[in-house]
Amino acid sequence: MMAGYLYNDVMIIGGGGHAKVVVDILTQQKTFTVVGIIDKQAGIGQYIAGIPIIGDDSSIEDFFGKNLINAIIAIGDNKQRAYLYERLRDIGYTLVNAIHPSAVVSPSAQVFSGTAIMPGAIVNASSLIRENVIINTKVSIDHDCVLLEHCHIAPGCTLAGGVTVGQGTLLGAGVTVIPGINIGAWSIIGAGSVVVSPIPDHVVAYGVPAKIIRYLD
Ligand code: JB3
């Protein structure tokens, strides 16, 4: 028996509120066994949602060497999640998906690695969900949408058909987007906004209808 971990063991990076939801999902998904959390602040010996803290980021390479090869980044901040995703991918980790059993994901949709889909979410026909995305609680993604890497669709958002959301962009809680709209990369759409026209990269936009409020560097 090779020392170390089993093929379906998984570790979670991040030990906050989002991680608690991801633990819930992975537990109910029954595909993986959550064996530990790697957190920046919490110390070894502490527990989050019943899962032990097994180290901090300095131990990530070691765990891979001990045959713990599956991970998911459970941190809401898109920039931090993107950085950690790329670091673990480069080490050789398999970034797994956490898809709640109550989520409805069309068989013609594609979901790439490291993505979390929360309870009650819907991903409709022919949508493309790239790596390390968060589709949060009760989100509706309709047909032919494209969600690029590291974006976060917060709880209760509704995306009509053919919407594109750029890399690293955050749609705040309850955002609605009408069909065919293109939202750029690394932008922030404020909670409750209604997006009826294209949004460029690197802006903060909000309101009904959503308007660009300021540019991000
Ligand atoms: O809105 C909803 C439904 N969920 C939000 C989620 C998407 O984002 C949630 O309400 C929060 O706004 C946020 O959840 P998150 O990321 O769990 O936030 P917080 O509770 O602040 O926990 C972040 C955790 O990640 C803390 O335990 C940090 O110590 C840890 N962390 C931050 N940076 C890190 C790093 N852990 C590691 N291993 N490495 C890091 O670089």
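The numbers here are math on the coordinates, done by the rules we state, and not lab data. If you're wondering where the values come from, they're calculated on a predicted model, not measured in any experiment. Cβ coordinates were reconstructed from backbone atoms using ideal geometry, including for glycine residues, and neighbour counts include every protein chain displayed.
Straight-line reach from residue 20: which lysines have Cα under 29 Å away, leaving out those fewer than 8 places along the same chain?
Straight-distance partners of residue 20: 30, 40, 66, 79, 138.
Return the equivalent ellipsoid semi-axes of segment 15-147 as a descending list in whole Å, where each equals the square root of 5 times an eigenvalue of the C-alpha gyration tensor.
They are 26, 16, 13 Å, listed from largest to smallest.
Counting only C-alpha contacts under 8 Å and six or more residues apart, can you give the relative contact order of segment 111-159 as a whole percent?
Relative contact order of segment 111-159: 36 percent.
For a quick check of your reading of the filter: which chymotrypsin sites (Phe, Trp or Tyr not before Pro) in segment 78-165 sit in a DSSP loop and have no more than 11 other Cβ atoms within 10 Å?
none
Only Cα pairs under 8 Å and at least 6 apart count here; give the relative contact order of segment 1-52 as a rounded whole percent.
Relative contact order comes out at 38 percent.
When a/c reaches 1.5 or more, the comparison of a/b and b/c decides; with that in mind, is segment 126-217 rounded, prolate or oblate per its Cα gyration tensor?
rounded
What translational diffusion coefficient, to the nearest whole µm²/s, does segment 87-181 have by Stokes-Einstein, given a Kirkwood radius computed over alpha-carbon pairs, a temperature of 4 °C and 1.567 mPa s viscosity?
Value of D from the Cα-based Kirkwood radius: 101 µm²/s.
Output the relative contact order of the chain, whole-number percent, from Cα pairs under 8 angstrom with separation of 6+ residues.
RCO, the chain: 11 percent.
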